[in-house]
Structure formats: structure tokens, C-alpha cells
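So the structure is just underneath, and the comments pick up after that.
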Amino acid sequence: MAVTTMVLRSKGTLISAGVLLVTIVSVTFLLNTGSHKIDMEMSQQDTLRMKPQEHYFERNLSHYNPSEVLLPYTENTPDTVHVLWCGLKWFEFKHFLSLLSIMKVQQPSKVIIHYWDDNKVLRDRNDYNLWYSQLLDEYYNIVTRSRGPTAPDCENNTIMMENVLDILKNGGIYVNDTIVLTHHLHHLRKLPFSVGVTNKNVPVTFKTLAYLVAKKGEATSEKLQSLRGDDFSSSCAVSDSLEKTNTLPSVLPTCILIQRNIIPAKIMETKDALSQVVRLIYYGSTKVKLPDWSMDDPIPNIGHMVLLGGYEMNLLSYLSIRSMIHCVGAEAMYIYIDVEPKGQWYEKLKAEEPRAVFVYHEWPGTVFGHPISDGSHASDLMRFDLLYRFGGIYVDWDAVMLRPLGHLKGYGFVTNFDWPDWHPPYPDVINNGVSAGKKGSEFLRKSLMKFRSYNPKGDWYYMGLMMPYKLYEQYPELVKIERKLQVICYKLKCHPVFLPGYHNEKIHHLNGASFDWKEVYAFHWTQPSPPELLNMTLLQTAKGMFADVGRYVLSCDRKKTLASLVGSHQL
């Protein structure tokens, strides 16, 4: 099945592809085999405007001549794009891409999203698919318009096509909600009636309609139903030609029909042509999205830990602080308290570790005027704030560091994924129980700004795990995901996210996911704490990986750590 485009000069008159000044083509994202060569005419002026080594699409995304858009009244199909939303479904990334391509490529004066009151956009329970609200927040000229209280049968081609034609009775541009534009349609506005479809071998239906551009009174059912096979000017490349090649065509087809959902994580670093197109629409460049790195101003070698609310320090928290000072070689380890801790391990730290600095810090009562009543929310806010203001390495009290960050100090912010798959449709979430950042990190600033919409009654998972992941999707150049930064252990079973199957709770270090613990930067026991890391006598005699890790932390010596850094030129 191929996507083709038909153009009519006037009622019942077909213009052949050879007569057109611009050949109009579309591409279908389907599972056919084979491909067709695509030719699209460009004026000599357009060719001269292109920068060396710049793909046509990259130029087209941000440039067109005003005369192509600002048409005389007599030629004017309204510069308004209409999208029809029907069905109880999520507004997924593919729908977002469609609207985003309209805004970036077509750049219309207005986009109207038509809906029915009982078929509004659904939100998933974990708020992953927030693409719809993001669009409405970012673009002032996207408006919504109800077509009534009750939606028709969204699978009925006849009824849905009638709605499209009714929407365009006064003229305008209709684009299917899964169509991604790679070339603007303004040149078609000079013509009475233009149609792009996804299958030239069947009559035009709502499901095969890619886009429709029509002047007032020109879009009629009779015209659509009269079109057959050779009435369409040309066919174009099939979907797998974009997915299976790493080379973009010299001239891209007009549009891409995306039939399955895709997510940003799948296109950040993949090199196929489809991923390049999606990156250009979403990120503004076809280049693979890699985090920025520079050692000109590295992450400071200091540590931070939050211990608010009064705390009897146990052996594990002692090991955590000691690991930062001796295994990492931190210049200082700052522990933020509002009540002085108690216990023998606190007294031992005060007596033996002058680099362990206990800093009084009041409970952050509000954020952007919202009251904070949950300890985990306060901790999330404080770690972002402390790293943003001072830079350094943050560790939870139940995590221990095993070695310095080395080259990771060149990234603006470093973190890694959590292992559970408890928050669908999120493909991953981020755990900042061990994280590091440069002073003034842009990722940290954006994280703090997200607290503007903080909900005190919301799930703590969102601000701590989900929100950072959403930011990572949007700004992958600002954060380094280091999968060996921390191994997270839950119910005394460790799930290294650098091994296959880490989302499977049954796969862990005792069952199919063994690893060399000396290769990771940190261990993090979310719950419960291992018994051998809570009792010194047990730690000295116990066998197993957890005891080995604890004894290793006790053996670390700051002077030796710093000497090794000097020897490896990492200091």
C-alpha cells in the first residue's frame, strides 16, 4: 500500500504530475515491501538557499517565502489546519508528532482540534501521555472546538468523512491525526481541491485520507468518491524504506503516516531515517541526541545527604557517608539535618571524620506557594536545590559509593533508570537516589521549575521518578543516563539496569542477572536494609555480595583513592 497525492485544478479536471510546479507526494508508515523513487521539484532559488551538507527537510522546517503563505484573496484557501479527534484513547507521542509537524512545518495561522464532549482526550493514570497539554501550553494558536455532546461511531468511514467535509465547507486544510508533515502544503492552497491518501487502489475513505486542502465549497463527497487508481499523480516510498535505511532520501515525501506508537527513547540514538525525521521534528535536528560533556567546569567533588526529621544513625548510613569520603575521595560530605542525629555511628563520624559536615537545614515548608507535607517530596526538592546551587554528588542514606565518578564529572547531570516496570506506559523512570550535577545545571533548573505544578496530595513517585524521566525525554542533551551509576536492590534482590530483562522482578542478581559489583559506582538498598549492613559483628563474619561491599567500604582510604586519581589523571 502506497501513499499518493491527487490534485484537481477545477471540478472534475485532473492535473498530471508532469504539469505540476511542485510534485506532491506522501509516504505511508505501513508494512509493505519495495520502494519508489521520489522526485520533488525545487526552484533554483531554493537550491541556492540550502547550506552545504544541509538536508532539504532541515531547511524546509524553518524557512519558506512569505509569498507562499500570504496569498491574494482570490486564491486564498484559509490558512487554518483542522484535526478531528474521535475515540476514547490516549493522545500519544505519534499524535503529538503530527500536531508538532503541523506547527513547525506548515506553520499555520491557527489549528483547530475538533472533538466531541464524550470523547475528549484521555489521560493515563500515571500521566505519561501529557503531550496534548504540552501542545496547548506551548502554542497560542491551537484551539479546541466541540462538535457536540455525543460522538458518532468513530469507525464508520462514511460518518467520519461527512464530518471532515462539513469542517471544510468554508475551506481549509484537514490533516489526519497520525500524519506527520515533512513539507508544507501552502502551494496547494492556490488549487481548488487537493487530496493526499494512503492507498491509491481503493476509493478514498476517512481511514485512507491523509490530508485534504480545499477552497470554500470545493470539498464534496462526489469528488472524493469519483477518484480511482490512476487519478492519483504518483506513489511514494513505503514505511520500511525509512526504518531500514540510515540514509535520508535527498528529498523527503510530503508526509508520513505513523500507524504504531513510537516514544522518544526509541529515536534518541537510533540512526535509521525515520528516527532522523522524528528527531528533527521533536528536537530540531536529525543528529543523534547525546548529552553535552566538558571537563572545563566538572562536577565538584563534594557530597550531599538529606537526613531531616530526627534520625538515629545506623551502620548503613555511616557506611554511606564514609564511602563518599574514602571511596570517592570527596573534599567534604554535607549532611543536612534539622534535628541532631543520635547513636554510636553518629558519634563515631564526629570523632573520626572532619570532612563529614552536619549542616542545619530547615524543613522546606513550601515550594512555589504549595505546602510540602511529605518527607519524600521534601527530599526530592532539596536534592535538586542543593545540586543546582552547589554542584556535587547526592546519595541517599541507604546507598554506598564504591569509586569516583571519573569522566562522568564532565556531564551537566548524571543519573540512571530505576528497575521496576510499575508505572505504565512509562518505558522507564529515573531514580535520583544516587545522582550528580554541575552547579547551575540546566536539567536541575528545569526539574526545580516543574515544582510549579507540584501537588501536595500527589503520588511521591511522580516528582521523584516520573517527572525527571519526562524531562530526560524532552532534553536528552542535558542529562547522562549512566546505567552503572547505581545498582538498586529491592527486597535484598539487586536489579542491574545494564543487563537485559531488568524490568522483570524475577530477574535479579540471584537469578539470571549476576554481575561484577566492582564495576558499578554505587549500591542502593531501597528496602529493606541488609542485616549484615546494620550490625558490625555480622558484617565482619557474613558471606555474600552485600557483606563484601560493606567490608570494601570499610577498607577504602581517602589518600589511596586520591593517589589513584592522580595516577589515572582523573583528579
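For the stretch 252-359, with all protein chains in place and a probe radius of 1.4 Å, 48% of the accessible heavy-atom surface sits on carbon or sulfur. Across the stretch 475-565, C-alpha contacts under 8 Å between residues 6 or more apart give a mean separation that, scaled by the residue count, equals a relative contact order of 24 percent.
Each of 447, 514 has its accessible area taken with a 1.4 Å probe; listed largest first, they run 514, 447. Taking the Cα centre of the stretch 490-571 as reference, the dipole from Cβ charges on Lys and Arg (+1) and Asp and Glu (-1) amounts to some 120 debye. The distance from the alpha carbon centre of the stretch 302-328 to that of the stretch 272-286 is 43 Å, rounded to a whole number.
Checked against a 31 Å cut-off, the cross-linked pairs 207/446; 409/450; 439/470 give Cα-Cα distances beyond that limit for 207/446.
Would you mind counting up the charge near residue 412? Only other residues with Cβ under 9 Å from its Cβ, with Lys and Arg at +1 and Asp and Glu at -1. Net of charged neighbours comes to -1. Of the residues 125, 322, the one with the largest accessible area comes first in the ranking 125, 322, computed with a 1.4 Å probe on protein heavy atoms.
For the stretch 334-432, the spread of Cα coordinates along the three principal axes comes to 48, 39, 26 Å, biggest extent given first. When 525, 460, 517 are compared by accessible area at a 1.4 angstrom probe, the order from most to least is 460, 517, 525. Put a dot 7 Å past the Cα of residue 560, heading toward its Cβ, do the same for residue 352, and the two dots end up 1.5 nm apart. Counted residue by residue at 0.36 nm each, then reduced by the alpha carbon distance between them, the extension gain from residue 125 to residue 155 reaches 8.3 nm.
Peptides 355-368, 373-386, ordered by how many other C-beta atoms sit within 10 Å of their residues on average, highest first, read 373-386, 355-368. Dipole magnitude for the stretch 452-542: computed about the Cα centre from +1 point charges on Lys and Arg Cβ and -1 point charges on Asp and Glu Cβ, it is near 180 debye. Each residue of the stretch 398-405 was assigned a 3J(HN,Hα) from its phi angle through the Karplus expression (A = 6.51, B = -1.76, C = 1.60, θ = phi - 60°), giving 9, 10, 10, 8, 10, 7, x, 6 Hz with x at Gly and Pro.
Taking 4 °C and 1.567 mPa s as conditions, the stretch 169-219 diffuses translationally at an estimated 113 µm²/s according to Stokes-Einstein applied to its Kirkwood radius (Cα pairs).
Computed extension gain for residue 390 through residue 407, at 0.36 nm per residue and net of the alpha carbon distance, reaches 4.2 nm. Rounded to whole numbers, the Karplus 3J(HN,Hα) couplings from phi for the stretch 104-118 are 8, 8, 6, 6, x, 6, 7, 10, 10, 9, 8, 8, 10, 4, 8 Hz, using 6.51 cos²θ - 1.76 cosθ + 1.60 with θ = phi - 60°, and x at Gly and Pro.
Across the stretch 295-367, the relative contact order, built from alpha-carbon pairs under 8 Å that are at least six residues apart, equals 36 percent.
The values are calculated or read from the model by the stated rules, or taken from the named source; none is laboratory data. Source: prediction; values computed, not measured. Please note: Cβ atoms are built from the backbone with ideal geometry, for glycine as well, and neighbour counts cover all protein chains shown. Please note that ligands, DNA and RNA were not included when accessible areas were found on the heavy atoms of the full protein model with its side chains. Shrake-Rupley method; radii C 1.70, N 1.55, O 1.52, S 1.80 Å.
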